[in-house]
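Undergrad: Provided herewith is a single structure, encoded as structure tokens, for subsequent inquiry.
The values are calculated or read from the model by the stated rules, or taken from the named source; none is laboratory data. A quick note: this is a predicted structure, and the numbers were derived from the prediction, not measured. A quick note on method: Cβ atoms are made from the backbone with ideal geometry, for glycine too, and the neighbour counts reach across all protein chains shown. These accessible areas exclude ligands, DNA and RNA; they are computed on the full protein's heavy atoms, side chains included. Shrake-Rupley method; radii C 1.70, N 1.55, O 1.52, S 1.80 Å.
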Amino acid sequence: MNLNDLIKEAEYADIILSLLSEPYEINSVTKMIFFSFCIRYEENFASYRKRSRDFVDVFFENISLKLDVNYKDLERIMSVLRMLEKTRKIAINKDSIQILEEFSYNTENEFIKMCNGKTPNPILEINKLDATAVIEEVIRYV
Amino acid sequence: MFKIDMIRFNHNGETQEYKFSEHCFVYGKNTRGKTALTIAIDYILGSSDKLTYQGLDNIDSMEALLKNDKTSLWIKRTVNESGYFYKRTEESEYSEISSDTYKDNICLILTDIRNNRFIEIYNKVFDEHPSFRSFNFLNYIEEKGLGDLSTVFTKAKELKHNIRIRNIMNFFFNFENIEQIYEKELLLDSKNRELDKLSSGYQEYNRSKAEQKKIFKELQLDYTGKYATDYKTFCDFRDSYVRKTKTKSKDLVYLSQASFSLAEEIKIYNFMKNQSNNMVTRKERIKRLLSIINDIVNDEPEYESYTNFIKDTIRTLDEENVILSLSDYNKAIRDIEKEKQQLDNQIEVLKATSEKLSYEDAMKKVGLLEHLFIVLKEEVDIVKYSNLSQEVDKLKKEIKELKASFNQKKIKDFNNRLTENYLGNDLDIKHLQDDAKEDGFSLEFDPFRLCLFAKHKVGENIVNYMPGSMARQTHIQMLVYLTMFEYLKENFMGFIYMPLLVIDSANQPMGVDSFEKVYPVIIDMADRIGIQTIFMSKDKIGGIEDKDFIDISEGLNRFHKS
């Protein structure tokens, strides 16, 4: 693995740990994969402040372009999940993630930091979708 | 056969002359004036560049004697004043002419049988009147471009010539299509002129007809579209001002409801059509997402368990959706719209019935109709107009298709011939023998990119490659020029290209031994095609006759101040 891949994996580890922790506690592998990917490449913070469009639309709208270029990132995300599973921090059964060891974590990711300070929290709002609905949204925009 | 017989340099009453045979060999070491001679030939043949080459200083004017089998032409250019002159015999005086006339006079002597059709078509395609100078890239292999097969014609290295030369190649190799385009464009011009004449009358006719229909509706008069019937209806109304009521129409409420219901049906069909389109694009998106996930799992099978839920869900979602893509929604929508239009027309008529018409309004409309009937009485040949419009559209489409299509056969034949010319001579030269042994060897000149590459078999495939070694490249380059002349002689007999090839220092990349073997073959081929050749060389080779030999070891230009 080269240095860039290593840095990317570290960034995803940061995002995944943040999403596993409070207040998000995301417990679906599907949601974890797609949320992590979209959060990593989210730069359009202004749209979340304006509230003229639904958070879900803004969150997923560029996924097609992002996947075109960076689809291999999904491997990095799954690699982090695998590491957490092997080190018994989490257990994965089909689509479900169970936290085995409590941990608190302070994120470095700018988007998550922005969401933490917002009410309503965009990530919490998007997390209201179940895994099937998330897949529907991804299909809509991919 | 055309040839440059003699070139003369003049200075202060003194002259220096060089006589040229059909196949001249000009010998001289470096800086003796070989390149200067190339420039001098180009200058006397009408180049627009000023004569500033260092080795050609102190020349006041240059003359040349051009000959073909039937006649001769003396031409002269002064250097400082840039004047152009000609005369028919040695004894007569020079007459001053314009540069265009100068070039035209040279064109006239190039070929015995001139074919003006090529010139007309060239003129139409390029919007310029060609002279032999348009094709002078065929006449020179310059030292600086020797062996460069990425731009075979050395003059094409300059950008100002590159695009023009590519267009000319299109003209030469796609001539049948271009000729057809030319003929169709002539026909299109004539049809367009005919159409323009009919057009204004036709448009006024159409406008008047639409206006007439509208006023008939407003007056609730029966409109049939036939002049005689409608005119009688109008005259009856004008005489009595009585409108007939329609007894058999349905009532307005019923018609409005029916029209509204059809409008709703159209909306539903449009919605279903959009959904159907969405389904198609959704299926493509699903396919794309599955492909990304499968790609990842193929690279790392251990992640399959994380993606199973995603893949199963996608498949379930895909199956649940209704197949809407089978119906022809467009046709259904068109049929309903047509039915709705009929209902709407009836509604319009009924609405008009319920409106009061004042005497003044009626008078105005009658007055208008009278004028319209006069206009409509003028016969407009609608059928002819319609046919002409269709013909014009058809011609435009054909021209567009011809411009887009290209006949590869000519290029293929050219390349076969080129390969034959190259491999056909059983010369004892290493690069030729190597190529003759190559499995599936052939040469391919691309006239649009102006480059050449070779092909050979690698395994089961024929593969392109750029042939190496300057000797081979230069040899092939010379053959491309000559094969081009051969092609023009067969396909463009009587066209105004100059049958001359000036080659500067082609011996250099080859080495004396190889050059001595290649040279006679090149000359034979040129002789067979009817091309005069002027070879410049730093090396003397054997076998050159005295009449063909020009020695410039003492320097080309005796007036030159070193």
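Undergrad: Would you check if there is a residue in segment B:199-212 being open to solvent by 80 Å² or more (accessible area, probe 1.4 Å), over 12 Å from B:L369 (Cβ atoms) and either in contact (Cβ under 8 Å) with a residue 12 or more places away in the chain or outside any helix (DSSP H, G or I) (or both)?
TA: The answer is yes; a qualifying residue exists.
Undergrad: Further question on the same structure: With the requirement that a residue be of a type in the set (S, T, N, Q) and either surrounded by 20 or more Cβ atoms within 10 Å (Cβ to Cβ) or within 15 Å of B:I39 (Cβ to Cβ) (or both), what does segment B:141-159 give you?
TA: B:T154
Undergrad: With the structure loaded, tell me whether B:I41 is over 24 Å from B:E158 (Cβ atoms), open to solvent by less than 20 Å² (accessible area, probe 1.4 Å) and at pLDDT 90 or above or whether it fails that test.
TA: Answer is no for this residue.
Undergrad: Quick check on this structure: which one of B:K364, B:K351 is modelled with pLDDT of 80 or more, over 54 Å from the mean Cα position of the chain (by Cα) and not acidic (D, E)?
TA: B:K364
Undergrad: Residue by residue through segment A:19-68, note down the ones that are closer than 15 Å to A:P120 by Cβ, of a type in the set (V, I, T) and buried (at least 19 other Cβ atoms within 10 Å of the Cβ).
TA: Hit for segment A:19-68 is A:V58, nothing else.
Undergrad: I'd like the full set of residues that are open to solvent by 10 Å² or more (accessible area, probe 1.4 Å) and at pLDDT 90 or above, limited to segment B:1-11.
TA: B:K3, B:D5, B:R8, B:N10, B:H11
Undergrad: Taking segment B:404-439 on its own, how many of its residues are of a type in the set (G, A, S), assigned to a loop (DSSP other than H, G, I, E, B) and within 27 Å of the chain's Cα centre (by Cα)?
TA: 1
Undergrad: Kindly evaluate B:N30 against the criterion of being out of contact with any Gly (no Cβ under 6 Å at 6 or more places or on another chain) and within 22 Å of B:D504 (Cβ to Cβ).
TA: Yes.
Undergrad: Quickly run through segment A:73-105 and pick out the residues that are free of Cβ contacts under 8 Å to residues at least 60 places away in the same chain, more than 14 Å from chain B (Cβ to nearest Cβ) and not aliphatic (A, V, I, L, M).
TA: Within segment A:73-105, A:T87, A:R88, A:K89, A:E101, A:E102 qualify.
Undergrad: I've got another one for you. Residues in segment B:305-316: is at least one surrounded by 13 or more Cβ atoms within 10 Å (Cβ to Cβ), at the interface with chain A (Cβ under 10 Å from one of its Cβ atoms) and modelled with pLDDT under 85?
TA: Among the residues of segment B:305-316, not one is surrounded by 13 or more Cβ atoms within 10 Å (Cβ to Cβ), at the interface with chain A (Cβ under 10 Å from one of its Cβ atoms) and modelled with pLDDT under 85, which makes the answer no.
Undergrad: Output yes when any residue across segment B:207-214 is more than 50 Å from the chain's Cα centre (by Cα) and either closer than 22 Å to B:E398 by Cβ or modelled with pLDDT of 85 or more (or both), and no when none is.
TA: no
Undergrad: A further question on this structure: Out of segment B:282-293, which residues are more than 8 Å from chain A (Cβ to nearest Cβ) and either open to solvent by less than 60 Å² (accessible area, probe 1.4 Å) or under 17 Å from A:K31 (Cα atoms) (or both)?
TA: B:L290
Undergrad: Sort through B:T52, B:T31 and tell me the only one that's on the phi > 0 side of the Ramachandran plot, open to solvent by 70 Å² or more (accessible area, probe 1.4 Å) and part of a loop (DSSP other than H, G, I, E, B).
TA: So the residue among B:T52, B:T31 that is on the phi > 0 side of the Ramachandran plot, open to solvent by 70 Å² or more (accessible area, probe 1.4 Å) and part of a loop (DSSP other than H, G, I, E, B) is B:T31.
Undergrad: Suppose we filter B:F237, B:F271 for residues that are open to solvent by 70 Å² or more (accessible area, probe 1.4 Å), at pLDDT below 85 and away from chain A (no Cβ under 14 Å); which single one remains?
TA: After ruling out the rest, the residue left standing is B:F271.
Undergrad: Within segment A:52-72, can you find the residues that are hydrophobic (A, V, I, L, M, F, W, C) and within 10 Å of another protein chain (Cβ to nearest Cβ)?
TA: Passing the criteria: A:I63, A:L67.
Undergrad: Only one of (1) over 29 Å from B:E284 (Cα atoms); (2) in contact (Cβ under 8 Å) with a residue 24 or more places away in the chain; (3) small (G, A, S) is not met by A:A131, so which one is it?
TA: If we test A:A131 against (1) over 29 Å from B:E284 (Cα atoms); (2) in contact (Cβ under 8 Å) with a residue 24 or more places away in the chain; (3) small (G, A, S), just (1) comes out false.
Undergrad: I'd like the full set of residues that are open to solvent by less than 60 Å² (accessible area, probe 1.4 Å) and assigned to a helix (DSSP H, G or I), limited to segment B:249-260.
TA: Hits for segment B:249-260 are B:L255, B:S256, B:A258, B:S259.
Undergrad: Residue by residue through segment B:182-198, note down the ones that are free of Cβ contacts under 8 Å to residues at least 60 places away in the same chain and either outside any helix (DSSP H, G or I) or open to solvent by less than 50 Å² (accessible area, probe 1.4 Å) (or both).
TA: Across segment B:182-198, the qualifying residue is only B:S190.
Undergrad: Only one residue in B:M498, B:M470, B:M525, B:M493 is buried (at least 21 other Cβ atoms within 10 Å of the Cβ) and either of a type outside the set (K, R) or over 22 Å from B:L149 (Cβ atoms) (or both). Which one?
TA: Exactly one of B:M498, B:M470, B:M525, B:M493 is buried (at least 21 other Cβ atoms within 10 Å of the Cβ) and either of a type outside the set (K, R) or over 22 Å from B:L149 (Cβ atoms) (or both), namely B:M498.
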